[in-house]
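The block underneath contains the structure these notes are about, expressed in C-alpha cells.
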C-alpha cells in the first residue's frame, strides 16, 4: 500500500505550522518548500532509507542516496519529529513527510573546456574524462571541473537532482583516473540512472596496471582474508569499506563495519612476472574501491601514492621499466567500458574508451620494449 500526497507550503521555520497552497505547485517565496508524504507499505525493508525508497512513486526524482542525505539533514519527519538515522526501523502504515527544498539556481560558472563526447541526446551524455579533471566542484577545486564544462556545453541545461554543485552527476571517478562517465541532462534520466547504479546493474570495467601478478596459484593470496578465486582465475575481493581510522581522506578494508564491497579482477597480460595489466569490475561502487581492494590483496596499482605504499619494481625488469613505474604520476587506472539501459528509451547502451597515452607508454616499458 502506497499513499502519496504532494503539497506546497510556506514555513517560517521547520517547527511552525504550514499552509497548504495547492497540489503540485510552487509558491513565489525564497522560503518555499514541498512536502512529499509517504506511507510505508507491506513488509518494509530493514532500514528507513530503503523503506522510503521503495515507496517513492514513479516520476518523483528522489533516489535512495538523496533520501539518505535528507535523513541526515533532518528533512525526514515522522509525527513532526525529524528522524536522522537512515538505519532506523520503519513499520507498515507509518507516515513520513519528506521536506524538499526547491531547486536553487546553479551558481557554478560555465567554462569552455573541451570534452571528449561519445554519446549525447536530449537526456544524457557519455564522456571520456581525461586524467586530472575533477568531476564536480569541491573545496579547493571551485572550477575547471567536468560540471563547469558541461554547464558551458549545455548552456546550463543539466538535471538539478544532484544539487547546486553537482548538477547532472550520477556517479564519479577520481581526479587522476581517466575514462567513461555518464551525466544526466534531464531529471527523468537522472532518476533512472541513479536507480541502476543503486541496484548495481550498470556494467563498469576498469583497466589497471598493478604490482605483481594475481594468481590462484599464489599461496599468499589464498591465505589473505577476503580474497578468493572463481573460475578462469578471476580474483574476488570481498570486505566492508569505510573511512581510515587516522586518515579521513583514505578508505580502509574492514570485516566488521562499513559498506559492503565486492571487486573482481582478471589478469589480461603478465608483464615480465613483476606487474600485470588487469581487467577489474565492480559488484558495488564504493569510494576508491578498486584501489583499496587491490592494495589489500597485495597488488596495489602502480602510481598510487595513497594506497601503494613504497613499492618499487625489481631491477631485473630493466632500468627503463623501473623508472617508468617509479615516475608514473597517478594511479594506473582507466574506466574502460560502461554499459547501462537508457533510462528513457530503454535501449541497451555500451561504450568503450581505449587506454590513454600515459598508460600505453607505461605498458610498453613494463613489457621491456623501451
inquiry  = I need the full set of residues from region 355-369 which are more than 11 Å from residue 332 (Cβ to Cβ) and in a loop (DSSP other than H, G, I, E, B), in order please.
reply    = 367, 368, 369
request  = Could you tell me which residue of region 208-251 is modelled with the lowest pLDDT, considering only residues that are within 17 Å of the chain's Cα centre (by Cα) and outside any loop (DSSP other than H, G, I, E, B)?
outcome  = 243
ask   = Of 347, 283, 357, which residue is under 20 Å from the mean Cα position of the chain (by Cα) and within 27 Å of residue 119 (Cβ to Cβ)?
value = 283
inquiry  = Checking residue 149 against (1) touching a helix residue (DSSP H, G or I) at 6+ places or on another chain (Cβ under 7 Å); (2) modelled with pLDDT of 90 or more: exactly one of these is not met. Which one?
reply    = (1)
inquiry  = I'm trying to understand the selection: among the residues of region 18-49, which are modelled with pLDDT of 50 or more and touching a strand residue (DSSP E or B) at 6+ places or on another chain (Cβ under 6 Å)?
reply    = 33, 34, 35, 36, 37, 38, 39
note = Residue count, region 291-330, condition over 20 Å from residue 357 (Cβ atoms), surrounded by 14 or more Cβ atoms within 10 Å (Cβ to Cβ) and touching a helix residue (DSSP H, G or I) at 6+ places or on another chain (Cβ under 8 Å), comes to 9
ask   = Does region 160-180 contain any residue that is without any contact (Cβ under 8 Å) to a residue 12 or more places away in the chain and more than 16 Å from the chain's Cα centre (by Cα)?
value = no
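The values are calculated or read from the model by the stated rules, or taken from the named source; none is laboratory data. No experiment lies behind these values; they were computed from the predicted model shown. Note: ideal-geometry Cβ built from the backbone for every residue, glycine included; neighbour counts use all protein chains shown.
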